[in-house]
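Contents: one structure, followed by commentary.
The values are calculated or read from the model by the stated rules, or taken from the named source; none is laboratory data. In this text the structure is predicted, and so the values were computed from the model without any measurement. Virtual Cβ from ideal backbone geometry, glycine too; neighbours counted across all protein chains shown.
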């Protein structure tokens, strides 16, 4: 299976805009600092599964840095680093095991937790936050990862139908 | 030593190390920097403009549905507002008299033109065009930039009260760091000085407690014991920051560090999420000779 990378990049740009302009309105008022889904991260996991580790690495790096630049207040780079690394790791994983929906769900969940933990540790390293990790994990990382899992499952069918090219060999499973 | 060489032979780990070093360098370089390069400005302006197209309509729809849910409260709210307006009309008369007297006294004391205009703030209305998903950079983007006369460190408020400070200015958009991201202890940005409405001489510094998600006003002198329910406003000490913007009300107070000062917990007056319009406060220029 391979992926229509140009379309994936276009979708990524749309998701960046949605993440900053539309998602904040859908989060209920009291939860705005707890649920902060990273939509381009979800797309990076898709790319890792269907296009391999090198496209996923570049994809994560690019969109991570873009997001960093748009949110720039203190630092540029935490999401660029975290998403690049995770794109690569998820790509490695997909080369060892084929991507089924259950593996994909686990990947989104575990890598989501990992991404926000990496970002926390970077901000902690630069002394920009003095919260305890346990508190951050309970307050923001875990709810965000669960919401990301939900969004990823909603995106799963459209992404497979429109972005993933069916493989040429007839033996592979053909979506729809 | 041989272990290190064996590590070096692992290409992936080696590249990861290099990447980590590069990124730490990048983060260190961008840390605490105020000027932006043109690619950053361009990317931010481009995305800011497109985001604005979506953010406002979606916000209008979301607010409409939220208002539908609050329809039953409208009657009570109306009653309250009517009372407040009646009170304001009374205050207006007093205010006009006081202002006239103030002007007369300034005239008599030979205030310079600059001193007279010091408190004439200009309010620039700005549309919010986006907020970010980064939990440690609580920022919003507004659709005014350096072309509209926005400068870093300007105060930003909503109708309710202070929300933040302008942090990064692009050509057509700027980033506003929310007050919930201010933390004077870690030297990121200038501290906001505050005072109590009932005690105009009091002084305190506003910071945000990430653990309890409330604002704190610290370093209050012993003689100005905070009273619960008192309104906290910016004091404008240092004159770079406008004075008289509502920050919030005192929720509780306790004796601060070393028992010499008080620390008050403050309920912010403004909401920090679902913002649509904000005002940027332009303090009149101080022309140095």
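Tabulated data
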| quantity | calculated |
| --- | --- |
| Looking only at the stretch A:24-41, and only at residues there that are in a helix (DSSP H, G or I) and at the interface with chain B (Cβ under 7 Å from one of its Cβ atoms), the one that is surrounded by the most Cβ atoms within 10 Å (Cβ to Cβ) | A:24 |
| Selection status of residue A:44, closer than 18 Å to residue A:145 by Cα, part of a helix (DSSP H, G or I) and within 12 Å of chain B (Cβ to nearest Cβ) | no |
| The stretch B:13-35 - residue that is within 8 Å of chain A (Cβ to nearest Cβ) and not in a helix (DSSP H, G or I) and, of those, surrounded by the fewest Cβ atoms within 10 Å (Cβ to Cβ) | B:32 |
| Residue among B:129, B:156 that is in a strand (DSSP E or B), closer than 23 Å to residue B:37 by Cβ and either touching a strand residue (DSSP E or B) at 6+ places or on another chain (Cβ under 6 Å) or without any contact (Cβ under 8 Å) to a residue 40 or more places away in the chain (or both) | B:129 |
| Residue identified as within 9 Å of chain A (Cβ to nearest Cβ) and under 21 Å from residue B:41 (Cβ atoms) among B:146, B:174, B:131 | B:131 |
| Tally of residues being at positive phi and within 14 Å of chain A (Cβ to nearest Cβ) across the stretch B:149-163 | 1 |
| Single unsatisfied condition, residue A:50 versus (1) part of a helix (DSSP H, G or I); (2) in contact (Cβ under 8 Å) with a residue 60 or more places away in the chain; (3) over 13 Å from the mean Cα position of the chain (by Cα); (4) within 12 Å of chain B (Cβ to nearest Cβ) | (4) |
| Test: residue in the stretch B:183-193 that is assigned to a loop (DSSP other than H, G, I, E, B), surrounded by fewer than 18 Cβ atoms within 10 Å (Cβ to Cβ) and modelled with pLDDT of 80 or more | no |
| Per-region count, the stretch B:159-181, residues part of a loop (DSSP other than H, G, I, E, B) and out of contact with any helix residue (DSSP H, G or I) (no Cβ under 7 Å at 6 or more places or on another chain) | 3 |
| Among (1) farther than 30 Å from residue B:52 by Cα; (2) within 12 Å of chain B (Cβ to nearest Cβ); (3) without any contact (Cβ under 8 Å) to a residue 12 or more places away in the chain - the single one residue A:71 does not satisfy | (1) |
| Counted residues, the stretch A:1-23 - those being farther than 13 Å from residue B:134 by Cα and either more than 14 Å from every other protein chain (Cβ to nearest Cβ) or touching a residue at least 24 places away in the same chain (Cβ under 8 Å) (or both) | 12 |
| The listed residue being farther than 30 Å from residue B:179 by Cβ, within 12 Å of the chain's Cα centre (by Cα) and at pLDDT below 95, out of A:80, A:87 | A:87 |
| Selected residue (only one of B:36, B:71 is in contact with a strand residue (DSSP E or B) (Cβ under 7 Å, 6 or more places away or on another chain) and at pLDDT below 85) | B:36 |
| The stretch B:250-286: number of residues that are part of a strand (DSSP E or B), within 30 Å of residue A:27 (Cβ to Cβ) and more than 14 Å from every other protein chain (Cβ to nearest Cβ) | 12 |
| Filter result for residue A:81 (in contact with a helix residue (DSSP H, G or I) (Cβ under 9 Å, 6 or more places away or on another chain) and either closer than 18 Å to residue A:36 by Cβ or facing chain B (nearest Cβ under 10 Å) (or both)) | yes |
| Residues of the stretch B:37-51 that turn out to be more than 8 Å from chain A (Cβ to nearest Cβ) and either touching a helix residue (DSSP H, G or I) at 6+ places or on another chain (Cβ under 7 Å) or under 26 Å from residue A:125 (Cα atoms) (or both), as a count | 1 |
| Residue list for the stretch A:93-135, filter: touching a helix residue (DSSP H, G or I) at 6+ places or on another chain (Cβ under 6 Å), modelled with pLDDT under 90 and within 12 Å of another protein chain (Cβ to nearest Cβ) | A:127, A:129 |
| Check on residue B:69, within 14 Å of chain A (Cβ to nearest Cβ), within 31 Å of the chain's Cα centre (by Cα) and in contact (Cβ under 8 Å) with a residue 24 or more places away in the chain | no |
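Each row is one residue, and each column tells you yes or no for (1) surrounded by 10 or more Cβ atoms within 10 Å (Cβ to Cβ); (2) touching a residue at least 24 places away in the same chain (Cβ under 8 Å).
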| position | (1), (2) |
| --- | --- |
| B:95 | yes, no |
| B:103 | yes, no |
| B:120 | no, yes |
| B:135 | yes, no |
| B:149 | yes, yes |
